[in-house]
Every structure is written in structure tokens, then in C-alpha cells.
1. Using a Gaussian network model of the chain whose springs link C-alpha atoms within less than 10 Å, name the residue from ASN46, ASN92, ASN65 with the highest mean-square fluctuation.
2. Of all DSSP beta bridges located in the stretch 3-145, what percent are antiparallel, nearest 5?
3. Positive end of the dipole of the stretch 3-145, charges at C-beta (+1 Lys, Arg; -1 Asp, Glu), about the Cα centre: which of LEU121, THR37, PRO136 has its Cα farthest in that direction?
4. Can you flag which of LYS18/LYS42; LYS58/LYS96; LYS42/LYS135; LYS45/LYS143; LYS58/LYS141; LYS18/LYS96 are past 20 Å Cα-Cα?
5. HN-Hα J couplings of the stretch 18-23 from phi, Karplus 6.51/-1.76/1.60, θ = phi - 60°, integer Hz, Gly and Pro as x?
6. For the chain, what is the calculated [θ] at 222 nm in deg cm²/dmol (nearest 500), taking -39500 (n - 2.57) for each run of four or more DSSP H residues and dividing by its residue count?
7. When the chain is treated as a GNM, springs tying every alpha-carbon pair under 10 Å, which of LEU76, LEU121, LEU22 comes out with the largest mean-square fluctuation?
8. Counting pairs of alpha carbon atoms under 8 Å apart in space and at least six apart in sequence, what relative contact order in percent does the chain give?
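Derivation of every value follows stated rules applied to the coordinates shown; laboratory data play no part. Bear in mind that the values here come from a model prediction, so they are computed numbers and not experimental data. Neighbour counts are summed over all protein chains in view; Cβ atoms, including those assigned to glycine, are modelled from backbone coordinates with ideal geometry.
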Amino acid sequence: MTQHEIMTELEMIIEDAKTAVLATVDNTGCPHIRWMTPTILKDRKNAIFTITSADFDKAAQLKENCHGEWLIQTRLLDTIVTARGRINLLDNSSIKNEVLEAIGPRLTTFWRLKADEESSLIVIETVIEEAVYFKPMKGLKQKVKFT
């Protein structure tokens with residue numbers, strides 16, 4: 001499987017599931033996982049994007065340790081992709097608008113938590129270093145390194 005093929009699969013899975021799990025690590029080495037609403041932006045290769053608040057714990061964790069991992073699966077659980085990489089926190093209105101346009105309607109829970117402070121929004125960009133494509137019912141597992 002190539003980088004392009006796994007990114008195509010990843011995009012289809014995200015469109016199907018609408019959510020994924022992001023894992024980060026705090027400054028004591030303790031892992032934290034949470035449901036997120038990711039997207040793939042066509043003009044930005046080999047990366048996963050989502051939005052958060054600069055005030056949330058995950059932003060502080062990512063400032064301390066810029067690596068994270070995504071678990072993304074179809075609703076039927078028949079296809080699973082994990083994607084690990086370096087995470088950048090982007091505070092740029094252009095990229096914020098692009099990500100919000102892609103996932104804004106699916107952020108119901110987020111808006112309930114953070115509706116009062118749109119100015120604190122930041123983008124989480126995960127630049128994929130490695131992804132694993134897994135079809136458990138078929139016994140298929142492929143790892144793809146990104147350069």
C-alpha cells in the first residue's frame with residue numbers, strides 16, 4: 001500500500017465515521033485519549049486536521065510533547081487505520097477557516113463546551129510519519145512509512 005492509497009482510505013473512513021480517537025501524552029508520560037472530529041484537507045498532503053481550544057489540556061500536552069496518534073475506524077469496525085506523527089498547533093485564521101468549513105457542522109459537543117470564545121480556537125495538524133491499515137476480518141495489516 002502506498003502513502004496515496006492509505007490517505008485515500010483514511011479520507012473515506014473519516015467521511016464514514018465522522019469521528020476518531022486522538023492520543024497524546026502529558027509531561028509526566030501519562031497517555032490521554034479523546035474523541036475528536038478530524039478531516040483531511042485535499043491541498044495539504046499527508047496530514048490530519050482538527051480544531052480545539054488553546055485552553056484545553058490537549059493543547060498544553062501537545063506543547064510539551066508534539067507527538068500523537070490517531071485511531072480511525074469505520075462504523076462497522078471492519079477497517080481500522082492508526083496514524084502516528086508530529087503534531088503542530090496552528091493559530092492562523094486561514095487554516096482555521098479551512099478546517100472549520102470542513103468539520104464545523106459536526107462540532108456540536110465542542111461548541112457546547114467552548115461556544116463563548118471562538119478567538120481561542122487553534123488547529124491541530126498531525127503530519128503523518130507512519131500509518132497502519134488493518135482489516136481484522138480479513139487478517140490484512142499493512143504499515144506505511146511516510147517521508
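1. Judging by the Gaussian network model, the answer is ASN92.
2. Details: 41 of 41 bridges.
DSSP beta bridges in the stretch 3-145 are roughly 100 percent antiparallel.
3. Towards the positive end, the residue furthest out is PRO136.
4. The answer is LYS42/LYS135; LYS58/LYS141.
5. 6, 9, 7, 10, 10, 10
6. Result for the chain: -8500 deg cm²/dmol, rounded to the nearest 500.
7. LEU76
8. Values: 283 pairs, mean separation 40.2, N = 147.
Taking the mean separation of contacting Cα pairs over the length of the chain, I get 27 percent.
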